[in-house]
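Here's the structure we're looking at; comments come further down.
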Amino acid sequence: MQKSFDEILTEVNPQQLSVAVVDLDSVAYNYRKIQEESDSAIVAAVVKGDSYGLGAVPISRKLYLEGCRHYFVATIDEGIEIRNSLPQGDVKIFILSGPIANTESMFSKYNLIPILNNSFQTDLILTESKKRNKKLDVVVHIDTGMCRNGYVKISQDEVKSIEENLNLLFVMSHLACADEVENALNKKQLSRFIETLKKFNNPTACLSATNGVFLGKEFQFDIVRPGKALYGFSIRRDKIGLVKPVVNLFSRIVQINHLKKGDTVGYGATFTADKEMTTITIGMGYSDGFMRKFSGFGFGFLGDHKMPMIGRISMDYITFDATGIDEKLLQIGNWVALTRTPDYTLENWALDLGTIPHEISCRLGNRVQRIYTGE
């Protein structure tokens, strides 16, 4: 039986001021839900950025138990971490940024698969393949409209060279506007992708990340690579609730203040008390991922009480209006919830702030202890 948040928090070391509780069972549920939506496509997992700040190693291990064997990361170091954490054999780890000079041998050493985004990277791996007298595994990335990574154009001669001298696992691209169902660029990119695939000899294809999966079967091809949906972040507004929230944030009370009318709070004195009030300060700030520009947004929860944030966020602290809350709850060291699943999730924070939830989760610093349930 899974522990409650109260039980989990009683076991946290007393010096720890902030924690993120990550529900691995919900990650597994979300993976299975994406499989249901993906028809016959292989479902890979994007675990770059330390699984969007939530812990790539425990999440990758959990997904391995769910049958996931394909993992996407951004850098070689991320790939090495996942390689050393999972059973050897059938796990494939793809490096989205591809090779740069003097990294070519690392792909073979750690059994990582480079994604080739341009001719320079392809030449590096062709040279390495010749040196090793072995056809190395690769993926080719085609830019169909993102204008970020990938071949803008790939010649028939280059395709021939890749197919003859390397082991091409699949061809991929990336959608720029898949969260906007009616955006015309989606169809344009799909058309460009299909057209480019014709240059290859019946290749396996991978176009869609999270949002693309939910554009329909024609966008799914052979492999899909969800990221944010695994971590409980909504696909689109009309899909909110399809996947389960994964993370909840908590921070301890480190100060209780009783303000008089006219007292101000925080740097810049941006908040002025218009009456006598009680405030609490928690041990989390922009050093822990809550950027200063978030000041004045969002809420904290203490017992059944919802407390508005006041004043500026500083490096280590956030202040809330705790006026009227039972003094028994107002104790130094007690935990304040910054999210409350399912009513107020990290995604709600993001919507209030006009950003995306994974911008917040990716910024959670190393002072925020990750605690895992469902391991």
Seminar exercise, completed: Toy charge model, Lys and Arg Cβ at +1, Asp and Glu Cβ at -1: the range 198-353 dipole around Cα centroid in debye, rounded to 20, equals 720 debye
Exercise. Within the accessible area of the chain, what % is carbon and sulfur when the probe is 1.4 Å and the other protein chains stay in place?
Worked result: 47 percent
Exercise. Going down the table (K62/K199; K62/K228; K62/K153), which pairs top 27 Å between alpha carbons?
Worked result: K62/K199; K62/K153
Problem set entry | Karplus (6.51, -1.76, 1.60) ³J(HN,Hα), θ = phi - 60°, over the range 230-238, in Hz, Gly and Pro reported as x | 4, 9, x, 8, 5, 7, 8, 4, 7
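I want to verify the translational diffusion coefficient of the range 39-128 in µm²/s; compute it with Stokes-Einstein, Rh as the Kirkwood radius over Cα pairs, at 10 °C and 1.306 mPa s.
118 µm²/s
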For this session: Keeping all protein chains in place, calculate the accessible area per residue for the chain (probe 1.4 angstrom), answer in Å².
Result: 47 Å²
Problem set entry | Added length on full extension, which subtracts the Cα-Cα distance from 0.36 nm per residue, T127 to N167 | 13.0 nm
Exercise. What do you get for Rg/Rh of the chain when both radii come from the Cα atoms and Rh is the Kirkwood radius?
Worked result: 1.05
Exercise. Which cross-chain or sequence-distant (5 or more) residues have an amide H under 5 Å from the amide H of I371, H modelled 1.01 Å from N in plane?
Worked result: A20, V21, V22
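Just to check, using Stokes-Einstein with a Kirkwood Rh over alpha carbon pairs, what's the diffusion coefficient of the range 272-359 at 10 °C and 1.306 mPa s in µm²/s?
Roughly 118 µm²/s, to the nearest whole number.
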For this session: Just need the relative contact order of the range 43-184 here, percent rounded to a whole number, with Cα pairs under 8 Å and 6+ apart.
Result: 16 percent
For this session: Beta carbons within 10 angstrom, averaged per residue: use that to sort the peptides 346-353, 161-168, 83-90, 49-56, highest first.
Result: 49-56, 346-353, 161-168, 83-90
Exercise. Using the scaling law 2.2 N^0.38 Å as the reference, what is the normalised Cα Rg of the range 152-306?
Worked result: 1.69
For this session: Rank K160, K109, K199 by mean-square fluctuation in a GNM of the chain with C-alpha springs under 10 angstrom and give only the top-ranked residue.
Result: K109
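The values are calculated or read from the model by the stated rules, or taken from the named source; none is laboratory data. Only a predicted model underlies this, so the values are computations on that prediction, with no experimental measurement involved. Methodologically, a virtual Cβ is constructed for each residue, glycine included, from the backbone with ideal geometry; neighbour enumeration extends over all protein chains shown. SASA here: full protein model, heavy atoms, side chains in, ligands and nucleic acids out. Shrake-Rupley method; radii C 1.70, N 1.55, O 1.52, S 1.80 Å.
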